[in-house]
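Everything on this sheet refers to the single structure shown next.
The values are calculated or read from the model by the stated rules, or taken from the named source; none is laboratory data. Treat the numbers as computed from the prediction; the structure is a model and nothing was measured. Glycine gets a Cβ as well: all are built from the backbone with ideal geometry, and neighbour counts include every protein chain shown.
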Amino acid sequence: MDSYFSILFTEVYKILFLLVPVLVSVAMIVWLDRRVWAFVQKRRGPNVVGPFGLFQSLADALKYIFKEIIIPASSNKLVFVLAPVVTMTLALVSWAVIPFGEDFVLADINVGILYLFAVSSLGVYGIIMGGWASNSKYPFLGAIRSAAQMVSYEVSIGVIIINVLLCVGSLNLSDIVMAQQNLWFVIPLFPMFVIFFISALAETNRPPFDLPEAEAELVAGYQTEYSGMMYAMFWLGEYANILLMCAMGSVLFLGGWLSPIDVFPFNAIPGPFWLIFKILFLFILFALVKATVPRYRYDQLMKLGWKIFLPFSLFYVVLTSSFLLYFDLLPGK
Amino acid sequence: MIAHSVFFYIFSLIAIVSAVMVTVSKNTVHSVFFLILDFISISCLFIMIGAEFLGMIMLIVYVGAVAVLFLFVVMMLNVAEQKGQWFSSRWDGGTHIPVGLLVSLIIFFELIIVIGGWKYKPDLLNSLSINISNEVTNTRSIGNVLYTDYILLFQISGMILLVAMIGAIVLTYRERAGVKRQSYVKQISRERDEGVDLVEAERNKGVKIDA
C-alpha cells in the first residue's frame, strides 16, 4: 500500500511541476499575443499593469474570478457547466506526452503522437457542448461551424503526421525527436510544415480561420452565453491548445529539444530551453498571422481543407514513401 | 494488481452504465454524450490490456469523427421529438421495437458463439499463427499482420468504405439551378475594359443598367 502512495505522490508532484508552468505560460502568452498584435498595428498594447504590462493577464484573470457566472435559464445546465471544464481539461492533459528533453517527459508512451491526435480530436466536444447547451442561436451556429472546421482540418493534420511517421518508424514522440538529429524534418518536409501550420491555425480557431467566433456575424460564437470564470476557462483552454499545437509543430518538424547545430555555445543550452524557444517562435508566427491576414469566408475555408490540403498531403505521403523506398531509407527494418 | 483491477472495474462500470443510459435517457443529445463516454471508457479498457494502438484508434475514429457526426445529425434533425413518439402508445404502426429486439437478439447469439468458441475450443485461437511478443510494440505487430497476410481483405474493406462514401455523395447530390459559384480564375483574369463601361448619360434620363 505504501508503494502505491509513494507512486501517487511522485506522480502528482511531477504533474504539478508540468501543469503550473504551462498555466503560467498560457497567461504570459496571451500578453505576448496582444503585444505582437499591437506592435504590428503600431499601438502600444497592454503596458500598464506591471513592468511592460506583464501582469495584464493576471489582472484579467482576477477580473474574471470576481465576475458573476450567469447560467441562462433555458440552458441545459449540466452540459453548460461541463463544456468549459472539458475544454480546459483536454487542453491540459495532452501536455503529458510532450518531451521537453531526453527522459524529461511525464508519460513516455509508445503511441504518443496518436494520443496527442486523439486528445486534440476530442477538443471539439467542449465547443459543441457549450454551443448546444447555451440553447441560443449564435452559440449553436458557432459550435456547428467550429465542429465542421475542426473535423475537416484534423484529417489533413492526420495525413501530415503520417508523413513524419514514415520518416521515423515509431509513434513515440521522443523517437520522433531523436530521428531528427541529423536533419530536422522541416527541410525535407517543408510543404508539409507549411500545411501543418495553416491547419493548426484552423484547428485552434485562430484568425484568419476564427469563423466560429466571427464577431460581426455570430457575436462570440459558442462563448456568447458564458461569463466570468467559465468564459476564462474556455479562453485558457484555447490558448493552451494553441501552445500545444506550437509544441507539436516543434516536436514534429523543428527537432523538439535538439539544438539547431551541434556546436559548443548552442548545445550547452539545455534541451527544454530550445523547445521553449521553438514554441515561442511558432507562437509569434501565429500572432503575426493574426495581425496581418483578413478572415476567410466559410466556403473558402472548407474548400482549402478538403480540396487543396487533403489531396496535396496525400500526394506527399505517396512521394515521401516512394522516395524512402527507392533510396532504401525506410526506418525500423 | 489491486490498482489494476480497481481501474478495470471503474472503467467497465462506467462503460456499462453509460451504455444503459444511451437507451434510457430522454434527451437524444444526452444519449449521444453517453455514447461518447462509453467509447472513451472502452478505449481505456483497450489501453489497460496493453492494446494501446487500438485504444487510440478507437478514440480518434469513433469519438473524434463518428460521434461528432452522430451529434450533428441529432442536433440538426431534431430526432428528440421522434424518440418520444416511438415509445408512446399513441403512435401506431410502431415497427421499431420488434426490429430492434431482433437485431439485439442476433448480436447476442453471435457473441455467445464467439465467446463459447474461445471457451470450449481453445485450439481455435492457436490456429491463428500470430506470435505475440512483448518486444514488438503492438502498432508494429498489427501492421505486420495487416499488411502481409490480410492485405487483400484490408484493401477490399477500404474499397467498400470508399464505394459507400461515394455512393452516399452521389445519392444526396442534386444540381441546383441558379447557384452562383466563385471562380478564382475568372476573378483574377477580369480586365478593366470588361468590368468598367463608360456611358454617356443623358440629362434627366439616366442610364438603364442590365437592360
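Since residue A:195 meets every condition but one in (1) modelled with pLDDT of 85 or more; (2) within 12 Å of another protein chain (Cβ to nearest Cβ), which condition does it not meet?
For residue A:195, the exception is condition (2).
Give me the residue from the range B:69-83 that is of a type outside the set (Asp, Glu) and loosely packed, with under 14 Cβ neighbours inside 10 Å and, out of that set, modelled with the lowest pLDDT.
Step by step, filter the range B:69-83, then rank; the result is B:82.
Considering A:289, A:219, which residue is β-branched (Val, Ile, Thr), under 30 Å from residue A:61 (Cβ atoms), touching a residue at least 40 places away in the same chain (Cβ under 8 Å) and touching a Gly at 6+ places or on another chain (Cβ under 9 Å)?
A:219
Condition check ((1) in a helix (DSSP H, G or I); (2) over 24 Å from the mean Cα position of the chain (by Cα)) across all residues:
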residue	(1), (2)
A:260	no, no
A:275	yes, no
A:282	yes, no
A:308	yes, no
A:324	yes, yes
A:329	no, yes
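Every residue, every condition in (1) under 23 Å from the mean Cα position of the chain (by Cα); (2) closer than 22 Å to residue A:207 by Cβ; (3) within 11 Å of chain B (Cβ to nearest Cβ); (4) at pLDDT below 85, yes or no:
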| position | (1), (2), (3), (4) |
| --- | --- |
| A:72 | no, no, no, yes |
| A:95 | yes, no, no, no |
| A:137 | no, no, no, yes |
| A:153 | yes, yes, no, no |
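Check every one of the helices (runs of 4 or more DSSP H) wholly within the range B:1-79 and list those with 1 or more residues that are in contact (Cβ under 8 Å) with a residue 12 or more places away in the chain and among the hydroxyl-bearing types (Ser, Thr, Tyr).
Result: B:2-24, B:28-48.
May I ask you to say which residue of A:66, A:55, A:5, A:9 is among the aromatic types (Phe, Trp, Tyr), under 26 Å from residue A:230 (Cβ atoms) and surrounded by fewer than 11 Cβ atoms within 10 Å (Cβ to Cβ)? Break it down stepwise before answering.
Details: A:55 fails: surrounded by fewer than 11 Cβ atoms within 10 Å (Cβ to Cβ); A:5 fails: under 26 Å from residue A:230 (Cβ atoms); A:9 fails: under 26 Å from residue A:230 (Cβ atoms).
Result of the check over A:66, A:55, A:5, A:9: A:66.
Let's see how each residue does on (1) among the polar types (S, T, N, Q); (2) buried (at least 21 other Cβ atoms within 10 Å of the Cβ); (3) more than 30 Å from residue A:152 (Cα to Cα):
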site	(1), (2), (3)
A:61	no, no, yes
A:71	no, no, yes
A:74	yes, no, yes
A:113	no, yes, no
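Do you know which residues across the range A:141-182 are of a type in the set (D, E, K, R) and closer than 24 Å to residue B:53 by Cα?
A:154, A:175
So, restricting to helices (runs of 4 or more DSSP H) that lie completely within the range B:139-205, which ones have at least 2 residues that are under 30 Å from residue A:115 (Cβ atoms)? Can you show your working first?
Numbers: elements: B:151-172, B:184-188, B:192-195.
Because the criterion is at least 2 residues that are under 30 Å from residue A:115 (Cβ atoms), the helices (runs of 4 or more DSSP H) in the range B:139-205 that meet it are B:151-172.
Quick grid of which residues meet (1) of a type in the set (S, T, N, Q); (2) touching an Asp or Glu at 6+ places or on another chain (Cβ under 6 Å); (3) within 9 Å of chain B (Cβ to nearest Cβ):
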residue	(1), (2), (3)
A:90	no, no, no
A:99	no, no, no
A:102	no, no, no
A:106	no, no, no
A:114	no, no, yes
A:126	no, no, no
A:146	yes, no, no
A:149	yes, no, no
A:164	no, no, no
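For residue A:312, state whether it is modelled with pLDDT of 85 or more and within 19 Å of residue A:180 (Cα to Cα).
no
Output the residues belonging to the range B:23-62 that are buried (at least 17 other Cβ atoms within 10 Å of the Cβ), among the aliphatic types (A, V, I, L, M) and under 24 Å from residue A:77 (Cβ atoms).
Once the filter is applied, which keeps residues that are buried (at least 17 other Cβ atoms within 10 Å of the Cβ), among the aliphatic types (A, V, I, L, M) and under 24 Å from residue A:77 (Cβ atoms), the range B:23-62 yields B:29, B:32, B:35, B:36, B:37, B:40.
Given the conditions (1) at pLDDT 90 or above; (2) away from every other protein chain (no Cβ under 11 Å), report the number of the one that residue B:43 does not fulfil.
Residue B:43 satisfies all of (1) at pLDDT 90 or above; (2) away from every other protein chain (no Cβ under 11 Å) except (2).
Suppose we filter B:188, B:160, B:166, B:151 for residues that are surrounded by 10 or more Cβ atoms within 10 Å (Cβ to Cβ), closer than 30 Å to residue A:298 by Cα and without any contact (Cβ under 8 Å) to a residue 12 or more places away in the chain; which single one remains?
Going through B:188, B:160, B:166, B:151 in turn, just one is surrounded by 10 or more Cβ atoms within 10 Å (Cβ to Cβ), closer than 30 Å to residue A:298 by Cα and without any contact (Cβ under 8 Å) to a residue 12 or more places away in the chain: B:166.
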